[in-house]
Amino acid sequence: MHRLSACLVLLLLAAAQPAIAAPQPPNIASTAAGLAWISAYRGKPEPAQVPAVIEALSRLNAFDNPENCGSYVGFLAGVLADNPATAETLIAESLKMRSADQWLVLRAIAYSGLPDWKPLLRQYAARVPARRAMIDKYIGGKLPTLAQVSIAPEPSAWQRFIGHFRLSKPGRKVRLEPSPDVLDTLWGYYFGTGSYGPILQLIAMLPWSNDRNDAARLTIGSMAKYTLARNASHDQALLAMLVSSSKAPNAPKDMVKILNEIIEAAQTVDTAAIREQALAAIEELKRKGPANKRAVSWWGYIGESTIAAGCLAAAVASYTAAGLPCIIGGSTASAAMNFWANQP
């Protein structure tokens, strides 16, 4: 009787879920077509079509490399966040993809920021038994969510010095470190919602574009700056967000200066200057090394300037489309980054 009652309750809950009209599936014949559909989605949101697009991309092997899937994860997370009333239906439909790719839906649930994202993960755990460890880690707080993106200020020279000689590292909370994959995830979330939140996260990374001590920060900041300018040049809503941010009463002066450069580049549809600035900065970093190492020659700090510089050069020059590998801290600049960078 208990089992019968539980089943009846589940059936009633399912019946209570708002119905999603069966849409005409979009024609997604390539990953480029899928990305084009995603980038245009916020102009005419059709959440009912999202599972079909996700399933089509799965068939096209778009999710084979998890490090290149930030845009897809962020997009689905944003769609779920924007449609809480139909989130369960969207999740159930999206999970019809091939089992090897179902991790993407689970991460999107965790990244969605829905108030009930943990119960939702528990609800679908039985359906995705191979990802039980992943689910448990998200629920237990051992894997970071998108809300835990950490944009910490650059450590001082003394902090770097102490950190180099510290015998043991202090414990710290789980957090999501900025990377090219995280940038893609934030863009995907924006494409799924058109909301200000992910753009504010990208803006917060802009001061890193002036960092001359840490190659990884320089790379991330320059990527944020370039993609904001390129996308704002054909997205008036995004441009308005940037203008509003530049006029915020408490906005730091260094950030306002960078925002004004981005706004001017977007308004004049001239992002070449930002591209050239980024290339010049990484070339200087390659040639001279980090500024703090130039100031303190005995510094025992090993940077990632060669890898990071090569990555940024490839990203801003759109060379990664040719298959040039680009790795920073274990993440790769994704095809989505190049797709956005090449938009007219």
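Look through region 126-158, keep the residues that are among the polar types (S, T, N, Q) and surrounded by 11 or more Cβ atoms within 10 Å (Cβ to Cβ), and return whichever of them is modelled with the lowest pLDDT.
The qualifying residue modelled with the lowest pLDDT is SER150.
Under the condition of being more than 11 Å from the chain's Cα centre (by Cα) and buried (at least 23 other Cβ atoms within 10 Å of the Cβ), which residue from region 217-226 is modelled with the highest pLDDT?
Checked region 217-226; the qualifying residue modelled with the highest pLDDT is LYS225.
Out of the residues in region 159-195 that are modelled with pLDDT under 55 and among the charged types (D, E, K, R), which is nearest to ILE109 (Cα to Cα)?
Checking each candidate, the answer is ARG172.
How many residues, within region 55-87, are aliphatic (A, V, I, L, M) and surrounded by fewer than 21 Cβ atoms within 10 Å (Cβ to Cβ)?
Qualifying residue count for the region: 2.
Mind listing whichever residues of region 34-59 are more than 18 Å from the chain's Cα centre (by Cα) and more than 25 Å from SER99 (Cα to Cα)?
Residues satisfying the conditions are GLY43, LYS44, PRO45.
Are there any helices (runs of 4 or more DSSP H) wholly within region 27-96 with 1 or more residues that are at pLDDT below 90, and if so which?
Of the helices (runs of 4 or more DSSP H) lying wholly inside region 27-96, those with at least 1 residues that are at pLDDT below 90 span 31-40.
The values are calculated or read from the model by the stated rules, or taken from the named source; none is laboratory data. Model, not experiment: these values are computed from the prediction. Note that we place each Cβ from the backbone using ideal geometry, even for glycine, and neighbour counts take in every protein chain shown.
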